[in-house]
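I have placed the structure first, in the form of structure tokens, so that the comments after it can refer back to it.
What follows draws every value from the coordinates through simple rules; no lab data is involved. Here the structure is a predicted model, which means the values were calculated and not measured. We place every Cβ from the backbone using ideal geometry, glycine too, and count neighbours over all the protein chains shown.
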Amino acid sequence: MVPSETPEPPQRKIIHIDMDAFFASVEQRDNPDLRGKPVAVGGMGERGVVAAASYEARKFGVRSAMPSVTARRKCPELIFVRPRFDAYRAVSQQIREIFAEHTPLIEPLSLDEAYLDVTVNHHNIPVATEIAEAIRAKIRAETALTASAGVSYNKFLAKLASDQNKPDGLFVITPKMGVAFVETLSVGRFHGIGPATAARMNRLGIETGADLRTKSLPLLEQHFGKSGRFFYWISRGIDHRPVRADRIRKSIGAEDTFLTDVFTEAEAQAFLLPIIEKVWRHCERVEAHGRTVTLKVKYADFQIATRSRTLPVPIASHSELEWLSLALLQPMFPPPKGIRLLGITVSTLGGEDHEVRGQLPLDL
């Protein structure tokens with residue numbers, strides 16, 4: 001059954017740009033000794049995690065978010081490099097400036113990828129593929145890095161397209177191709193469908209886009225709630241989400257994983273203070289002050305506990321954020337087991353005279 005609220009035919013020209021193995025590529029660019037070798041950006045200790053892997057490392061099965069010990073087991077020759085987030089942010093800014101030469105409608109997803117709406121663009125270029133090629137060429141010329149691009153008539157398909165010919169590739173999904181392209185893909189490939197959701201779909205007999213398309217909207221909403229409507233339409237190649245250049249960030253946070261478990265309050269405070277400092281520095285930088293502070297505690301067995309406090313007015317100073325954070329920490333001691341991670345998040349952002357705009361990833 002087709003819902004009565006059938007979306008109108010899409011009219012946009014969307015580009016999704018995704019830098020290739022961004023963090024690792026920056027490290028290989030800046031250190032010639034790393035070129036052509038398997039590189040992992042991240043910590044190399046027992047608690048280390050891979051933040052990014054070069055394509056040479058990926059051939060061995062090394063992936064981002066993989067424990068470093070597992071990555072080393074898969075690739076004994078793997079070279080670990082500590083992250084340099086300031087360097088990555090500087091390159092990201094260069095790339096954003098290249099995007100801005102073509103359109104003001106830029107929606108960053110992270111330091112290394114973004115959507116661009118080029119339906120109307122600064123140079124009046126009618127073909128989005130030509131703009132994508134120009135952007136990729138200038139990124140290579142100015143940063144010595146490669147980017148992959150996807151071009152289509154909506155965000156969902158543009159992101160799928162950018163993965164198609166990685167690395168250093170470009171792929172176009174035209175309106176005539178959209179439905180057929182989606183039908184052939186595993187639902188696990190769809191942006192917005194993670195491993196857990198894909199597994200639930202598989203249990204319902206949904207393995208591919210074609211399978212998803214056979215399911216009714218009521219059934220999808222029954223099993224997936226509000227996301228069911230999104231799944232219903234993307235299975236038909238339809239996605240009318242606009243590229244939003246004014247995305248409002250809802251929170252600013254940071255966390256850190258420790259090399260050894262923490263058991264004492266004094267030790268936890270010592271680890272938490274630099275996290276608080278980093279969060280406050282970013283709040284100040286974007287003139288965003290929130291009313292809610294949340295403490296995150298991850299124990300040695302990976303169980304997570306959170307504690308929050310919301311004020312009637314925004315937090316006014318670093319010392320106030322520190323006091324609130326330490327006050328939330330104090331009742332957690334003595335802990336039932338060792339603590340492996342602590343984090344602080346400031347939310348309910350905003351103020352009387354401003355909004356928080358853009359994406360501000362925070363990393364420790």
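For the reader, a short list of remarks on this structure follows.
- Which listed pairs, of 59/166; 226/250; 176/215; 155/226; 13/215, have C-alpha distances above 24 Å, in listed order: 13/215
- When only the Cβ of Lys, Arg, Asp and Glu is charged (+1, +1, -1, -1), the dipole of region 251-347 relative to its Cα centre reaches about 260 debye.
- Charge dipole (debye, nearest 20) of region 22-85; +1 at Cβ of Lys and Arg, -1 at Cβ of Asp and Glu: 180 debye
- Low-density loop cleavage sites - GluC sites (Glu not before Pro) in region 257-287, where at most 11 other Cβ are within 10 Å (DSSP): 287
- Here the residues 115, 299, ranked from fewest to most Cβ neighbours within 10 Å of their Cβ, fall in the order 299, 115.
- Look at 344, 125, 79 and count the other Cβ atoms within 10 Å of each Cβ; fewest to most, that gives 125, 79, 344.
- Applying the criteria of a DSSP loop state and at most 14 other Cβ atoms within 10 Å to the trypsin sites (Lys or Arg not before Pro) of region 257-339 yields 337.
- Rounded, prolate or oblate (a/c below 1.5 giving rounded, otherwise prolate when a/b exceeds b/c) for region 251-347 by Cα gyration tensor: prolate
- One chain, two ends: residue 44 and residue 302. Fully extended at 0.36 nm per residue, the span grows by 90.9 nm beyond their Cα-Cα distance.
- Sparse packing (at most 15 other Cβ atoms within 10 Å of the Cβ) combined with a DSSP loop state is found for the following GluC sites (Glu not before Pro) in region 67-144: 77, 101.
- If only the Cβ of Lys and Arg carry +1 and only the Cβ of Asp and Glu carry -1, the dipole of the chain around its Cα centre is close to 980 debye.
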